[in-house]
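What follows is one structure encoded as structure tokens, with my remarks underneath.
The numbers here are math on the coordinates, done by the rules we state, and not lab data. Source: prediction; values computed, not measured. When we count neighbours, we look across all protein chains shown, and the Cβ atoms used for this are built from the backbone with ideal geometry, even at glycine.
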Amino acid sequence: MDGPQPDKGGDIFAGTDTTRVPFRVYEDQDIYKAELERIFYGPTWNYVGLECEVPKEGDFRRNFIGEREILMIRKKDGGISVVENRCAHRGAQLCQALEGNAGETLMCPYHQWSFTLDGDLTSMPFRRGFKGKGGFPKDFDMSKHGLTRLRVETLNGVVFATFDRTTPPITEDFGDHMVKYFTRVFNGRKLRVVGYQRQIIDSNWKLQMENLKDPYHAGILHLFLINFGLFRLDQKSAYYFDEGKGHTVLMTERGTESDEGDYGGVKVAAPDFTLTDHELVQPRKEFGDDVTLAIQTLFPSVIVQAQSNTLATRHIVPKGPGSHELIWTFFGFEDDDSEMRTLRLRQANLMGSAGYVTLDDAEALEFSQLGLAAAPDGAAAVLEIDGKDAQSGDCLVTEALIRGFYMRYRDIMGFEKAQP
Amino acid sequence: MDQIDTPLDADTHLIRHRVEQLQLDYVHAIDDGAIDRWPGFFTERCLYAIIARDNLERGQELGVMRFESRAMLVDRATATQHAAVFAPRTLCHVLSGTSIEAVDENGIRARTNVAIYQTSADGDTLLLMAATYRDLVVEADGALLFKEKRVIYDTLRLPDSVVNPL
């Protein structure tokens, strides 16, 4: 295959089965660059934002796909366009504000080249020069100097884009199962942004994705969840893959754990610790089933979290091999009543940069990066729990979801494919 | 010579001095790692929130932390001590002077800028955030307490997790 070959060592996955992930994939600069090209700028659907973030014509919001900056824009016809935030002239960043309204045109502040909300070049100052001198050549073709325009698809208010012409339609890429669970949360009700959180986490971006595909850790690391029954490995649960194994959804039902006192050998620091204010962990049913935690990971860059009533997209922005940004967009629905609005704000304490649950995650990811960065060549992560395969199942003591991620990863990166 | 219309109000000076002392006691408790003392700086019904300025400017109250009673603060303190996994760190709050924005029947509205530095076990220091305390301070049994403390931070892209209260 034509996988990245950073040195004479060649394909670092050669000869390894699904249970090994060479640590090099988390720290190698050449592999990282190949990931940007083949994954983020390749045939994948990347999260861009929510349609409700740009309600009016000309509204824009700035974001990232991989390391490339993009703008999500509401067009005149009500549709959404996504263009690269880079002027076609000299490459300057077009919009500096995080969000705003561009009016009818996007104009570069440097030389005032102007573009339609679709990215077509419409005008530039002194096109004909000054007093018959200077100016653009007569054969300068404006139609060839628009902004980089991405293909856009929306699914019930959520906007995805791809740089690649060959990416299959999003419902095909996700597959029926993933669409089904995606539209469980994004069920067509009008969305409302509750607020954002952004944080730099000094670990490779893949570790963030893997963390949400690792139910094993959730029932061990997160003592807060274990203590309050918000997540236990013995709860009624299920997880599913798409065909390519890169997308997954994992669900659990609170209150189905077998025995309050059985922690499966996990060392719980303070098993008697209780909350004096229980409101934080009292969810309200809202999706017509008994699922209390649903985590969907969509390859390569977004996680949809529905823990109790705290709903959020977690968007991964890679920042070099050893760092990434995590952007949380907490959302609710326009028709949320005031009690639900309060619940969403209150339960946000579980998540985000200071979250009762997720601060453990950010810390553990940094422990991972610190540990593996100095590992010798050939050293690899071990993923042997629950076999070698990646099939849907109902036991959370498993590493199947991470194995699935690397099946898709090896495939799209051009590394040797792994057969379980 | 300019005429002084209003004699300097000794009470205002006293109030500022007392609020600044409260702020110092508060940040020193946190910087000393005495997290169990943290809830004691607040009234029983209170608001403690750490919110990005970016959210507030959009009218969004979503915070990194948001607690509405001293009981919830006690929960946070206990959970941080017994149910959280994180690398050891110390904080250093650097405060500006405090401006007293209003004194009325609700209490004292005070505003203080704060830079919060965080140092790891290896001794590396980073600026965790540049922020402003927007406080409502009340007096109870002769002592000043926070009825509201909002930590409004400019540092939208936080460089690390927020483990401790700020």
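As a length-normalised measure over Cα pairs under 8 Å and 6 or more apart, the relative contact order of segment A:313-375 settles at 18 percent. Our compactness index for segment B:99-166, the C-alpha radius of gyration over the empirical 2.2 N^0.38 Å, is 1.37. Over all other residues within a Cβ to Cβ distance under 10 Å of residue A:13, the charged ones net out to +1, with Lys and Arg as +1 and Asp and Glu as -1. The spread of Cα positions in segment A:22-72, taken along each principal axis and listed from longest to shortest, comes to 46, 17, 15 Å. What number comes out for the charge environment of residue A:340, summing +1 per Lys or Arg and -1 per Asp or Glu over other residues with Cβ under 15 Å away? Charge balance in the 15 Å sphere: 0. Relative to the compact-globule estimate of 2.2 N^0.38 Å, the Cα radius of gyration of segment A:133-249 comes out at 1.61. Inter-chain neighbour count for A:361-369: the average number of beta-carbon atoms from partner chains within 10 Å of each residue's beta-carbon is 3. Here the simple spin-label model places points 7 Å from the Cα toward Cβ, and for residue A:111 and residue A:377 these points are separated by 4.7 nm.
Rg/Rh, computed from the Cα trace of chain B with Rh as the Kirkwood radius, has the value 1.00. With 26 Å as the limit, the listed pairs A:245/A:285; A:213/A:319; A:33/A:245; A:76/A:133; A:33/A:213; A:33/A:417 have A:245/A:285; A:76/A:133 beyond it between alpha carbons. Each 10 Å bin from zero up to the one holding the largest Cα-Cα distance in segment B:103-142 carries the following percent of pairs: 24, 30, 23, 17, 4.
Could you compute how fast the protein assembly as shown diffuses translationally, taking Rh as the Kirkwood radius over C-alpha pairs and applying Stokes-Einstein at 37 °C with viscosity 0.692 mPa s? Give it in µm² per second. Reported coefficient: 126 µm²/s.
Listed by Cβ neighbour count within 10 Å, with the fewest neighbours leading, A:110, A:240, A:181, A:356 appear as A:110, A:240, A:181, A:356.
Mean partner shielding of peptide A:341-353, defined as the number of other chain Cβ atoms within 10 Å of each residue Cβ, is 4.
So if I take the centroid of the Cα atoms in segment B:39-116 and the same for segment A:314-370, what is the distance between those two points in Å? That distance is 19 Å.
Shape index of segment A:1-113: Rg/Rh, with Rg the Cα radius of gyration and Rh the Kirkwood radius from the inverse mean 1/r over Cα pairs, equals 1.14. Over all other residues within a Cβ to Cβ distance under 13 Å of residue A:105, the charged ones net out to -2, with Lys and Arg as +1 and Asp and Glu as -1. Taking 4.7 Å between C-beta atoms as the pairing limit, chain A has these partnerless cysteines: A:52, A:95, A:395. Among the GluC sites (Glu not before Pro) within segment A:299-351, those in coil by DSSP and having at most 16 neighbouring Cβ atoms inside 10 Å are A:334. FRET efficiency for the residue A:145 to residue A:370 pair, using the beta carbon distance and R₀ = 51 Å, is estimated at 0.65. For chain A, the relative contact order is 22 percent, taking Cα pairs closer than 8 Å that sit 6 or more residues apart in sequence and dividing their mean separation by the residue count.
Look at the stretch B:120-132: the mean tally of other chain Cβ atoms within 10 Å of its residues' Cβ atoms is 0. Within the straight-line cut-off of under 29 Å between alpha carbons, the lysines reachable from residue A:75 are A:56, A:144, A:180, A:190, sequence neighbours fewer than 8 places apart in one chain being disregarded. A viscosity of 1.567 mPa s and a temperature of 4 °C, combined with the Kirkwood radius over C-alpha pairs in the Stokes-Einstein formula, give segment B:66-141 a diffusion coefficient of 86 µm²/s. Footprinting exposure proxy ranking of A:33, B:147, fewest other C-beta atoms within 10 angstrom first, gives A:33, B:147. Any chance you could check the Cα centroid distance between segment A:60-123 and segment A:375-389 for me, in angstrom? Result: 43 Å between the Cα centres. Sorted ascending by nearby beta carbons within 10 Å, beginning with the fewest, B:38, A:328 become B:38, A:328.
Sites listed here are trypsin sites (Lys or Arg not before Pro) in segment A:124-197 whose DSSP assignment is loop and whose Cβ has at most 16 other Cβ atoms within 10 Å: A:127, A:128, A:131, A:138, A:165, A:189, A:190.
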